[in-house]
Amino acid sequence: MDGNFFLKELVKEDSKIIAQIYNKNFPSIKKFILLNSGNTEDAEDIFQKSLIQIIIRYKREKFSISGDFDAYLMAICKNLWRRELNLHKKRVTNVEKVEVHDEYIDSSFALLEQKRQELFIEKFAEITGNCKEILTLFFAKTPYEEIVANTEYSSELVVRQRVFKCKKRLAELIKKDSRYNSLKEL
Amino acid sequence: MSLEEDILIERFLRNQLSEKERNDFLYTIANDQKFKEKFLLEKQIFETLNEEEWSYVSKIDVTEVEEYTTLYRNNADRLKQVIHKATTSNKRKNKIRRLSYFSAIAAVALFALLINFYSQKNQKTIEEIYTNYSTYELPSLVTRNPNEVDPDLALAENNFKNGNYQEAIIYIDKLLKKDKDNSTLHLYKAISHLELDEYSQAEMNLNSLIRSDLIDSEKGYWYKSLLYLKTKDLDKCKKILQVIIKNSYSKNKEAKELFKEIVNYKT
């Protein structure tokens with residue numbers, strides 16, 4: 001499904017297009033949610049929230065989707081569900097204080113979090129292949145000794161230094177982008 | 001930022017600091033604006049690019065938040081109705097189309113057909129049945145002992161869980177070269193092919209698992225039944241389910257339920 005074509009039709013709130021998007025994408029969205037501790041009702045809710053997020057975002061900034069619409073929609077659904085699950089975990093474990101906002105503020109926060117993630121992923125794609133590889137292992141919380149054992153780095157210290165440099169490069173790229181100003185934590 | 005500061009932030013984010021170290025860390029954040037900025041960016045990157053977590057907005061410039069909140073307030077409820085209507089009207093249209101077709105037929109035939117129509121209307125589609133049963137509850141590939149974690153296991157599992165089956169297969173194949181007798185890996189591989197609609201490859205993987213003397217080889221039968229369900233080969237699916245039920249293999253409870261659902265299925 002061509003990204004921009006479906007985006008433009010969706011924001012017109014065309015019911016035929018919405019039905020087409022639903023028929024094509026809902027089974028895989030539902031499947032992802034069922035596989036990750038949710039139920040059909042959760043899947044319906046996430047599907048609805050994701051379409052609303054796209055429409056609302058387009059109303060403020062006429063953004064475009066460079067690739068496939070289905071893949072973009074799926075990414076938003078996965079993020080919204082990941083957000084829900086982590087929120088639930090925080091509430092249950094009480095590790096961090098969870099502030100309760102009204103529905104509309106919370107949806108705005110989720111939208112800005114999505115934009116922040118897109119920016120970070122875009123910048124991550126700009127760093128070197130070697131940095132991407134080591135940071136992927138780092139973000140997956142792979143222990144340093146395992147990284148040493150499975151890569152060509154000679155010691156934990158060398159890995160730490162490499163991770164440090166790669167993160168620094170990534171942070172520089174993010175900070176340099178003007179979009180970060182309105183998305184950064186103060 | 002120095003390497004030492006970076007390590008300190010990382011240990012804080014991974015919850016590895018002692019109570020005293022943690023208090024000192026929080027004190028520094030409260031009193032050193034530059035360090036706080038570095039920490040906040042590091043935290044956002046770590047939480048965003050680590051697939052288990054999520055980076056929540058906490059305190060950012062309010063301008064955009066307010067603009068979006070206003071847009072949500074003015075449009076969200078209406079949009080919910082539009083989406084709800086669009087996603088349910090499709091089903092209604094199909095129903096109306098079928099009813100007009102039947103109304104053209106003679107009364108007796110109509111009566112007979114209507115019975116058939118209503119029973120089929122309530123009948124789930126094969127896709128729906130498949131979706132309900134294909135919630136793969138596979139054991140995790142990653143052991144809880146951090147000293148034994150192979151990064152490829154984490155990458156295989158993450159890609160699998162996120163539906164990136166092609167990438168998952170790359171790591172699974174690497175892992176199978178090191179550990180060819182790991183039946184869980186064979187299942188992950190077969191299911192990945194199944195999800196990619198590569199049925200003959202999936203069938204081949206499951207057959208070799210079933211034929212092996214590995215401890216979990218019987219689990220292959222359940223996934224083979226799902227394969228035939230997905231390809232709508234209900235006769236083969238039923239035969240496999242009967243094998244599971246007869247031998248009380250793994251998932252025999254689910255097999256009984258699925259068998260009941262499809263035994264008289266009208267295609």
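Between A:Phe47, A:Phe63, A:Phe32, the Gaussian network model of chain A with springs among Cα atoms under 10 angstrom shows the greatest mean-square fluctuation at A:Phe63.
Within the protein assembly as shown, the proportion of C-alpha pairs whose separation exceeds 43 Å stands at 24%.
Spin-label model, B:Glu21/A:Asn181: points 7 Å from Cα along the beta carbon direction are separated by 3.8 nm. Taken per residue, the accessible surface of the protein assembly as shown reaches 53 Å², heavy atoms only and a 1.4 Å probe.
Membrane-span-like helices in chain A (whole DSSP H runs, Cα extent of at least 18 Å along the helix axis, mean Kyte-Doolittle hydropathy of at least -0.5): A:15-35, A:40-60, A:69-93, A:103-124, A:156-176. Taking all protein chains together, B:Thr70, B:Thr131 sort by accessible area into B:Thr70, B:Thr131, largest first [probe 1.4 Å].
Total Å² of accessible surface buried at the A-B contact, 1.4 Å probe, nearest 100? Result for this pair: about 7100 Å² buried. Among the cysteines of the protein assembly as shown, those whose beta-carbon sits 4.7 Å or more from every other cysteine beta-carbon are A:Cys77, B:Cys237. If you plug the beta carbon distance of B:Ser2 and A:Asp2 into 1/(1 + (r/R0)^6) with R0 = 60 Å, you get a FRET efficiency near 0.80.
If you sort A:Glu152, B:Glu137 by accessible surface, 1.4 Å probe, largest first, the order is A:Glu152, B:Glu137.
The values are calculated or read from the model by the stated rules, or taken from the named source; none is laboratory data. Please read all numbers here as calculations on a predicted model, not as lab measurements. Note that we place each Cβ from the backbone using ideal geometry, even for glycine, and neighbour counts take in every protein chain shown. Ligands, DNA and RNA are excluded from the accessible area calculation, which covers all protein heavy atoms including side chains. Shrake-Rupley method; radii C 1.70, N 1.55, O 1.52, S 1.80 Å.
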